[in-house]
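Undergrad: The structure follows.
The values are calculated or read from the model by the stated rules, or taken from the named source; none is laboratory data. Treat the numbers as computed from the prediction; the structure is a model and nothing was measured. Every residue, glycine as well, gets a Cβ built from its backbone with ideal geometry; the counts of neighbours run over all protein chains shown.
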Amino acid sequence: MVKELCSIYRVPKISHLGAEQPELQFFAFLCILQAWSFGNMVHYVYNVWKLVIPKHKLIQVAYWMGMMSVSGLVLIGCFQVNQAADIHFSGAFLCFILGGFYFCITTLITCSLQRKCAFFKRIYRWRLLLTGLILVCIAVLIVSMTVKQHIYNQQGEMETVTELIQGCNNITYEKMTEGYYTWEMYSSMTEWISCVIYLLYVYTYRHEVKLIGRSKTSIEIKQSMQFTQIQSFPDSCTQKVPDRHGWSDDDASKETTDALLTGGEQSAQNISI
């Protein structure tokens with residue numbers, strides 16, 4: 001839609017896809033939908049971690065970092081870059097930078113999970129690889145934005161140019177210097193690459209979903225709305241591991257997830273809400 005309406009020029013940033021009418025309505029809707037989905041995932045995964053490793057110090061930190069990155073998505077969707085740039089960029093910082101560090105903390109938590117159960121060993125390797133890529137993307141984003149701001153401060157306001165492009169009406173854009181445009185390209189490409197990596201990392205949370213989704217354990221909730229802590233787990237969870245890719249849905253994976261939580265049935269108490 002953005003391409004057909006000629007609302008963008010050259011290689012756009014993600015924010016520029018929803019900067020003009022009518023596409024900004026769809027952009028805002030998708031951002032809010034993603035924020036809702038990601039917020040539910042952060043909350044759900046937090047409760048899974050509380051069950052498996054309730055005393056881990058980083059769980060609470062990860063939860064609030066995840067929720068703050070969710071608020072960044074809402075700011076990105078509701079405040080367009082052309083109309084409220086400061087608020088929009090604040091949301092981008094929360095989403096990309098703080099969200100990236102949320103994934104990094106998740107990897108540290110997964111390190112503790114894989115000590116608890118062999119089911120998480122291969123997941124930890126995948127997350128460790130993605131974490132390395134995330135840190136590289138964060139570094140490139142910070143450097144590119146810093147250099148761009150430095151160039152902008154030196155050259156001042158950029159000239160606004162109206163140009164006739166084949167197949168479009170006149171399109172208006174800011175004419176960038178060669179140096180500024182180079183760093184703008186680095187920043188734009190890093191944004192898109194970061195999105196792909198972040199989505200791949202989100203996909204790895206399906207293992208936490210399977211942990212309870214496949215379990216026959218009835219999770220009781222205390223009046224304080226905190227999950228009851230499972231104090232011990234059977235050693236059998238270390239005997240069965242998913243296939244070499246760590247993504248299988250086979251019986252071994254099912255038995256592993258069931259064994260991890262069903263051991264908690266002996267220690268969980270039935271408490272009526």
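Undergrad: Answer with yes or no whether residue 135 is modelled with pLDDT of 85 or more, more than 18 Å from residue 46 (Cβ to Cβ) and buried (at least 18 other Cβ atoms within 10 Å of the Cβ).
TA: no
Undergrad: Give me the residue from the stretch 10-40 that is over 20 Å from residue 92 (Cβ atoms) and either polar (S, T, N, Q) or in contact with a Phe, Trp or Tyr (Cβ under 6 Å, 6 or more places away or on another chain) (or both) and, out of that set, modelled with the highest pLDDT.
TA: That would be 40.
Undergrad: Now a separate question. How many residues are in contact (Cβ under 8 Å) with a residue 24 or more places away in the chain and either buried (at least 21 other Cβ atoms within 10 Å of the Cβ) or on the phi > 0 side of the Ramachandran plot (or both) if we restrict to the stretch 108-129?
TA: Number of matching residues: 7.
Undergrad: A further question on this structure: Is the stretch 103-116 home to any residue that is assigned to a helix (DSSP H, G or I), of a type in the set (Ser, Thr, Tyr) and over 19 Å from residue 210 (Cα atoms)?
TA: So far as the stretch 103-116 goes, no, none of its residues is assigned to a helix (DSSP H, G or I), of a type in the set (Ser, Thr, Tyr) and over 19 Å from residue 210 (Cα atoms).
Undergrad: When the stretch 54-84 is examined, which residues are found to be surrounded by 15 or more Cβ atoms within 10 Å (Cβ to Cβ) and in contact (Cβ under 8 Å) with a residue 60 or more places away in the chain?
TA: Those that are surrounded by 15 or more Cβ atoms within 10 Å (Cβ to Cβ) and in contact (Cβ under 8 Å) with a residue 60 or more places away in the chain: 76, 80, 81.
Undergrad: Pull up the stretch 57-108, narrow it to residues that are of a type in the set (Ser, Thr, Tyr) and modelled with pLDDT of 90 or more, then point me to the one that is farthest from residue 126 (Cα to Cα).
TA: 71
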